[in-house]
Amino acid sequence: MTEHTAAQLHSGRIVVLARPHASPFMWQTHSDDGGKTWSIACYAPFTGHGYANLVCTRSGYLVVVKRGPGLALNVSIDGGINWDQGTMIDYAGSFNGRMIEVEPDVVLVVYPEAMDEIRPAYVRAQLIRITSDGPLPVHTKDSVRDTE
């Protein structure tokens, strides 16, 4: 397993997603006792690599952003039991970025546009509101609070 990311739900459950080298999908496991014991790892219903980031929002939504296909975001509203079909948020070829919750249920995703020795790595950023119906863009002309 490589490229792990973890988040803790409000219930205390820790959810981990990781990318095995030989798997077409990410793998998922969880612990309900602070990491002493773990569930059997199983496939998550999506592919992912590029050092995925996993966040638990104030409302308890799990949000993962990763590469594959493009720059994609998946949401679980039930603690990682079920995941949505995913939303491509950019066509960038690599992720290796970061995501953080900046307002309740609003995540800021920051990532390089390109990563190689020829092109400079310009930074892209997106504000995304996470809802039970899926992710929604937060328009840059609006403040985060004005879009609620």
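The values are calculated or read from the model by the stated rules, or taken from the named source; none is laboratory data. In this text, all values refer to a predicted model and were calculated from it rather than measured experimentally. Glycine also receives a Cβ, built like all others from the backbone with ideal geometry; neighbour counts cover every protein chain displayed. These area figures cover heavy atoms from the full protein model, side chains too; ligands, DNA and RNA do not enter into them. Shrake-Rupley method; radii C 1.70, N 1.55, O 1.52, S 1.80 Å.
Numerical summary
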{"item": "Any hit, region 41-48, residues being closer than 25 Å to Val138 by Cα and not aromatic (Phe, Trp, Tyr)", "result": "yes"}
{"item": "Residue that is surrounded by the fewest Cβ atoms within 10 Å (Cβ to Cβ) [pool: residues in region 108-144 that are touching a helix residue (DSSP H, G or I) at 6+ places or on another chain (Cβ under 9 Å), farther than 20 Å from Ala7 by Cβ and at pLDDT 90 or above]", "result": "Leu136"}
{"item": "Criterion (part of a loop (DSSP other than H, G, I, E, B) and either touching a residue at least 24 places away in the same chain (Cβ under 8 Å) or open to solvent by less than 20 Å² (accessible area, probe 1.4 Å) (or both)) met by exactly one of Gly60, Gly50", "result": "Gly60"}
{"item": "Pair list, Cβ < 6 Å and 6+ apart or interchain, from region 121-138 residues that are assigned to a strand (DSSP E or B) to residues that are small (Gly, Ala, Ser) and exposed (fewer than 11 other Cβ atoms within 10 Å of the Cβ)", "result": "none"}
{"item": "Residues (assigned to a strand (DSSP E or B) and small (Gly, Ala, Ser)) located in region 1-32", "result": "Ala6, Ala7, Ala18, Ser31"}
{"item": "Cβ pairs under 7 Å, 6+ apart, first in region 20-36 and without any contact (Cβ under 8 Å) to a residue 24 or more places away in the chain and open to solvent by less than 30 Å² (accessible area, probe 1.4 Å), second polar (S, T, N, Q) and part of a loop (DSSP other than H, G, I, E, B)", "result": "Thr29/Ser39; Ser31/Thr37"}
{"item": "Selection from region 1-15 of residues that are without any contact (Cβ under 8 Å) to a residue 24 or more places away in the chain and open to solvent by less than 40 Å² (accessible area, probe 1.4 Å)", "result": "Thr2, Gly12, Ile14"}
{"item": "Every residue from region 78-107 that is of a type in the set (A, V, I, L, M, F, W, C), surrounded by fewer than 18 Cβ atoms within 10 Å (Cβ to Cβ) and over 20 Å from Thr47 (Cβ atoms)", "result": "Ile100, Val102"}
